[in-house]
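Right, one structure below, let's go through it.
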Amino acid sequence: IALDAAQLQRAELGLWHSDVTRLIDSETMSLDELVDQGNPYCEDLATTGPMLNLLRDSFNNQSIASCADVLPFCDSISKVPEWEVDGGRGFLTRMLCSETCGCSDPGGLFVNVQGCPYGRNRPCQSSAKFKAAVQSATCEEKSAEELRQFGPWISWISKLRTFGQTPSGILLGQAESLLLAQAMWDHGCDFGYNLSAQNISWGDCTAWNPALGWDFKTLEFFCPTSCSCDRSKANSACPQPKGVTCDELRDCVFVQNTYACRGEVPSLPGSIDIDIPSDSFQQPLLL
């Protein structure tokens, strides 16, 4: 399969294949499937060669040397397949610079994952970096007041507001994104109760309502208690300290930012007798 000169002039997105027979399969693949096939390790592709040239051509800037040069576009808003709002630059940046744009980080400062091979059973969530992130997190949830001082939470709220305020006649879910941002600021991890009270069908902690058209990360990584992170959500961004889900840590003690669980600390068998004077009790014991 080949493109003639006129088709090449109209082409807006290209993927390079080492085997020409794979192009036949590509004809029936969705955009997400093509992105996954082109970036199976959720890494920066625009390091050299054709992919770096594609990034340069997309920005009409031949001086771009690496993904670091387009970092500000990691949260740029694109509408595909129309390539509206920013001309597709945000989508292409995240597709070609997935590592730089934090696509394998369930938290971090970036919230937009459109163009990343991100989602359940997709390359970013299957990557070693994603798994390391959820295993290094804790199941302790910050209060709303603490979250208002927490950099990534503040960043997500800011970018949701930017999305909602972007002049556009084709973006979906803009009004709802502003309500989500305000609920996150006011109520922290209880944002969902606030949205539901406003009769907004927002989805759940691990999946936004598709009708909203959002390509944002979900919030279970920051809100493991409110999002009921248990074994049923093991294939999500829920924290998994020690490689287990939060419900499996209920009998453990959280001390100095780590969990001490039964059988993991030294112990000696035996018993101890404690003599407590009767006048130590302010109130009589009721048996």
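Restricting the stretch 213-239 to residues that are among the polar types (S, T, N, Q), farther than 23 Å from Q149 by Cβ and open to solvent by 30 Å² or more (accessible area, probe 1.4 Å) leaves a set whose member that is nearest to the chain's Cα centre (by Cα) is N235. For K159, the conditions (1) open to solvent by less than 70 Å² (accessible area, probe 1.4 Å); (2) out of contact with any strand residue (DSSP E or B) (no Cβ under 9 Å at 6 or more places or on another chain); (3) basic (K, R) are fulfilled apart from (2).
One residue stands out in the stretch 240-257 among those that are in contact (Cβ under 8 Å) with a residue 12 or more places away in the chain and in a loop (DSSP other than H, G, I, E, B): the one that is nearest to the chain's Cα centre (by Cα), namely Q240. Here N199 qualifies as at positive phi and open to solvent by 70 Å² or more (accessible area, probe 1.4 Å).
Taking the criterion of being in contact with a strand residue (DSSP E or B) (Cβ under 6 Å, 6 or more places away or on another chain) and either within 14 Å of W156 (Cβ to Cβ) or of a type in the set (A, V, I, L, M, F, W, C) (or both), the residues of the stretch 71-111 that qualify are D75, V85, C97, V111. Pairs linking a residue in the stretch 95-111 that is under 20 Å from Q240 (Cα atoms) to a residue that is of a type in the set (K, R) and open to solvent by 10 Å² or more (accessible area, probe 1.4 Å), with Cβ atoms under 8 Å and 6 or more positions apart or on different chains, are S104/K129; D105/K129. Taking the stated definitions as given, is G107 at pLDDT 95 or above and closer than 30 Å to T258 by Cβ? Against the criterion (at pLDDT 95 or above and closer than 30 Å to T258 by Cβ), G107 qualifies. Among all positions in the stretch 47-66, there is no residue which is at pLDDT 95 or above, in contact with an Asp or Glu (Cβ under 8 Å, 6 or more places away or on another chain) and either aliphatic (A, V, I, L, M) or crowded, with 16+ Cβ neighbours inside 10 Å (or both).
The values are calculated or read from the model by the stated rules, or taken from the named source; none is laboratory data. Because the structure is predicted, anything quoted here is derived from the model rather than measured. Ideal geometry is used to build each Cβ from the backbone, glycine not excepted, and the neighbour counts take in all protein chains shown. Surface accessibility is based on the protein's heavy atoms, side chains included, excluding ligands, DNA and RNA. Shrake-Rupley method; radii C 1.70, N 1.55, O 1.52, S 1.80 Å.
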